[in-house]
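> I have a structure here, written as structure tokens, and I will follow up with some questions on it.
What follows draws every value from the coordinates through simple rules; no lab data is involved. Note that the structure is a prediction, hence the values are computed from the model and not measured. Here the Cβ positions follow ideal geometry from the backbone for every residue, glycine too, while neighbour counts run over all protein chains shown.
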Amino acid sequence: MPLRTISIKKIAKRKAVFLLLIANIFFFAIPLYFLVIGLWKINRCPGNPYLPPWMIIVALLIVIDRLIFWRRLVNETKFEKTFPRPSIIGSVERIKTWEENRVWSSSRTLLGLMATVRVAIFIAALIGKLWSFDVVMNDQCDHLVSYSTLIFCVFSIIIYLFFFIGTMYLYCAEWLRSLEKTLVACLNRLMVTGE
């Protein structure tokens, strides 16, 4: 039986390494592409000379975001190794507290910086979408720059809006749950008990 456990751990490690490798390649391919195209076509966009530098800036923002993400992931992993997850059988409050502590295992500065970088990427995507759409419509720029920027910006905006709407839904659901508990408590307080 112990041999089986060891082989499962090896497979899990291989799978983890593979997933981390694929994630790194995917998330660093876009900034690398933007850096190369932005530097290569730096003077080839007369319709909007800001698009190639925009690509370079966005590439750097994405790299910074990924580095912060991985630092946060390392912090959370260290936290999980130091403080193992409480049993599911235990109190739900203990699990919630553990989850909150795990999230806050990274410094507030790091989390604030990550939020700031992501907001900057979103704003850059909005600006890039406006600039690239105008350039594409007037056909005044190298297609590699304008279409790459437009496609990236459209997908980024869709993804950001999807997560924003999802987050708002979760907050609204939590607020409604809290309101319901309050109303039930009020109703229980007002109901006459048969004593």
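> Tell me, what is the percent relative contact order of the chain, built from C-alpha pairs under 8 Å that lie six or more residues apart? Before the final figure, lay out the partial values.
Values: 127 pairs, mean separation 42.2, N = 195.
Contact order relative to length: 22 percent.
> Just to compare against my own numbers: the Cα pair-distance distribution for segment 122-181, 10 Å bins, whole % per bin, please.
Bins of 10 Å from zero give 23, 33, 18, 14, 9, 3 percent of pairs.
> Also, quick follow-up: Could you pull out every Cys in the chain that lacks a partner Cys with its beta carbon under 4.7 Å away?
Cys153, Cys172, Cys186
> In which sequence would Phe79, Phe162, Phe34 go, from the one with the fewest C-beta neighbours within 10 Å to the one with the most? All intermediate terms of the calculation are to be shown ahead of the outcome.
Working: Phe79 17, Phe162 10, Phe34 25.
Going from least to most buried by this count: Phe162, Phe79, Phe34.
> Also, quick follow-up: Report, in degrees rounded to the nearest 10, the 0 to 90 angle that the Cα long axis of helix 2-40 makes with the longest principal axis of the chain.
With rounding to tens, the tilt is 40 degrees.
> Run the reach check for Lys181 against aspartates and glutamates, Cα to Cα strictly under 20 Å, same-chain hits fewer than 8 apart removed. What comes back?
Within reach: Glu93.
> Tell me, what HN-Hα J-couplings in whole Hz come from the Karplus equation 6.51 cos²θ - 1.76 cosθ + 1.60 at θ = phi - 60° for each residue of segment 125-142, using x for Gly and Pro?
5, 5, 5, x, 5, 5, 5, 6, 5, 4, 5, 5, 5, 9, 6, 10, 8, 4
> At 222 nm, what helix-only mean residue ellipticity would the chain give, in deg cm²/dmol to the nearest 500, using -39500 (n - 2.57) for each DSSP H run of four or more?
On the way: 5 runs with 162 residues, N = 195.
Helix-only estimate at 222 nm: -30000 deg cm²/dmol.
> Check cross-link reach from Lys13 to the lysines: straight Cα distance under 25 Å, and skip same-chain residues fewer than eight apart.
Within the straight-line cut-off, Lys13 pairs with Lys78, Lys81.
> Given Cβ point charges of +1 (Lys, Arg) and -1 (Asp, Glu) and nothing else, what value in debye, to the nearest 20, does the dipole of segment 41-158 about its Cα centre take?
480 debye
> Then there is this: Show log10 I(q)/I(0) for segment 98-140 at q = 0.27, 0.33, 0.35 Å⁻¹, two decimals, from a solvent-free Debye sum over equal Cα scatterers.
Values, matching the q order: -0.87, -0.99, -1.03.
> A further question on this structure: Taking the square root of 5 times each eigenvalue of the Cα gyration tensor, what semi-axes in Å does the equivalent ellipsoid of segment 59-162 have, largest first? Spell out each step's value before the answer.
Details: eigenvalues 325, 38, 21 Å².
Listed largest to smallest, the semi-axes of segment 59-162 are 40, 14, 10 Å.
> Return the Cα extents of the chain along principal axes one, two and three, sorted largest first, each rounded to a whole Å.
84, 58, 29
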